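In what follows, a single structure is set out as structure tokens and then discussed.
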Amino acid sequence: MISGSDFLDAAAAGGFRCFAGVPCSLLTPLINASLSNEKVAYIGVTSEGEAVATAAGSWLAGVRSGVLTQNSGLGNIVNPFTSLLWPASIPVLLVCSHRGAPGAHDEPQHVLMGRVTQALLELMEINCSPFPAELDDAQEWLGRVGEAMERDHRSRALIVESASLQGADSRCILPLPEPPPRGLLEGERVAPQATREAALEVLVSALPDDAAVLATTGMTARELFTIGDRPQYYYHVGAMGSASATALGVALHTTRTVVVIDGDGAALMRLGTFATIGHLRPVNLVHVLLDNGVHDSTGGQPTSSATVDFAGVAAACGYTRAVRTESLSHLAAAFTQALRAPGPHLLHFPITPGTRAGLGRPTITPDVVARRFRSFVTTPTMPTSTGDETRDN
Ligand SMILES: Cc1ncc(C[n+]2csc(CCOP(=O)(O)OP(=O)(O)O)c2C)c(N)n1
């Protein structure tokens, strides 16, 4: 049995510098130790799927990362794992608790998942190992596997049993954070006029060369690629709803401006990410939400966006500035302002559904896009002297 802080030190020595996760009582020693560990950061998120996307974003920013999850959260992980990590060959270390282990008495909600945990991970082609029992084993495993993951680009899982970690009943006592400043809501509701492509053109033409851009799945990524592929673009080809969490993971590990272009259906699917962004407040994140009120990419089925005030949600979640923009010129002005001022920013722009005839798709494979993007993000930027406000995270 080893302590949470010993495991984290071994993880840091193996190159793992960040874990995102949702707590499990079996992982408490690890999470609580990570809150005071200077070598390994913990990003507390709202769902295990969000943790996978955030860890993917950390990796895209050059930081070897992991996910701390209860096995009951594996269901939340399946989509971003199969649609984001696997196609892009992004490796993460899953540290997964094993509630409901066969033979051990546990609560009814853990029994079935306990029985199928390893099989479920293996079904997703994730190589599983038992959590190391001794510190020497942990150091050896994390060093060896960390390197192997960078070579073969495949994720690994460590399965944590109830007796794996010392100090499982420790309590986490942290001071409450300062309440965030409330965002500014602007704009009257008027019928949208602009298409998604027109909005993307406005964003692209104002985009600084050193900014990273992540596009949500479906037509947004396809249109961005069609307008003009660039090395600083990351296209989500699946994993609907994960773009903002991936962007958060990137933004937390770079000083570059990170722009995420989201859709209303996707944003609603993982609305919890608004809370994580508002809480962690990455100053360099600009979240643009192109809202056509429908799932345009799959045939135009309505979403519930008509009754959701996205800027209000973002402001209530702690974004520094949240604006509803109503025209292309207003979007351009708000975007330019967001690029200069500390965020996180939410720009909500209502658009009309529809796309150009014969819209293409990214012709570069996701793994190549991921490595090209990672190389862009991890290349040091030239210092600028624009006089803009400081935006260190
Ligand atoms: C988890 C998951 N569910 C469903 C899909 C299928 N899908 C791809 S794009 C899309 C619609 C996305 O809607 P929205 O974010 O509003 O963007 P729009 O298509 O309107 O631009 C759907 C349902 C998916 N890729 N992933």
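The values are calculated or read from the model by the stated rules, or taken from the named source; none is laboratory data. Everything quoted here is computed from the prediction, not taken from an experiment. Backbone-built Cβ (ideal geometry, glycine too); neighbour counts: all protein chains shown. For the accessible areas, the whole protein counts, side chains as well, though only heavy atoms, and no ligand, DNA or RNA atoms are used. Shrake-Rupley method; radii C 1.70, N 1.55, O 1.52, S 1.80 Å.
A few remarks follow.
- Other residues lying with their Cβ under 11 Å from the Cβ of Val22 contribute a combined charge of -2, Lys and Arg counting +1, Asp and Glu -1.
- Counting Cα-Cα pairs of the range 274-393 in 5 Å increments starting at 0 gives whole-percent bin shares of 2, 10, 14, 15, 17, 19, 15, 6, 2, 0.
- Share of Cα-Cα pairs in the range 107-154 lying beyond 13 Å, as whole percent: 68
- 10 Å binning of all Cα-Cα separations within the chain, expressed as whole percents from 0 upward: 5, 24, 32, 23, 12, 3, 0
- Approximate shape of the range 211-252 as ellipsoid semi-axes (Cα gyration tensor, √5λ), whole Å, largest first: 17, 13, 5
- On Cα atoms only, tilt of 108-123 relative to the major axis of the chain in degrees: 80
- Stretch gain in nm, segment Val78-Ala357, where the contour uses 0.36 nm per residue and the Cα spacing is subtracted: 97.2 nm
- Stokes-Einstein, applied to the Kirkwood radius of the range 1-56 over Cα pairs at a viscosity of 1.567 mPa s and 4 °C, places its translational diffusion at 114 µm² s⁻¹.
- Across the range 306-373, the volume of the C-alpha convex hull divided among the residues equals 159 Å³ per residue.
- For the options Arg156, Arg17, Arg144, a Gaussian network treatment of the chain with springs between C-alpha atoms closer than 10 Å singles out Arg144 as fluctuating the most.
- A crude spin-label estimate for the pair Ser205 and Asn127, with each label 7 Å from Cα along the Cβ direction, gives 5.1 nm.
- Sites Glu161 and Glu38, calculated FRET efficiency, Cβ-Cβ separation with R0 35 Å, nearest 0.05: 0.80
- Packing rank of 40-48, 201-209, 63-71, where each peptide gets the mean count of other beta carbons within 10 Å, highest leading: 63-71, 40-48, 201-209
- In this structure, the amide hydrogen of Val67, modeled 1.01 Å from its nitrogen in the peptide plane, lies closer than 5 angstrom to those of Ala20, Leu93, Leu94, Val95, counting only residues at least 5 positions away or on a different chain.
- With Rh defined as the Kirkwood radius, the inverse of the mean 1/r over Cα pairs, the Rg/Rh of the range 187-308 is 0.94.
- When a 1.4 Å probe is rolled over the protein heavy atoms, the share of accessible surface on the chain that falls to carbon and sulfur comes to 55 percent.
- Cut-off 13 Å between beta-carbons: net charge of the residues surrounding Leu328, Lys and Arg +1, Asp and Glu -1: -2
- q = 0.13, 0.22 Å⁻¹, the range 1-103: log10 I(q)/I(0) [Debye, one scatterer per Cα]: -0.42, -1.14
- Relative contact order of the chain, defined on C-alpha pairs under 8 angstrom at six or more residues apart (%): 19
- Per residue Cα convex hull volume in Å³ - calculated over the range 294-335: 99
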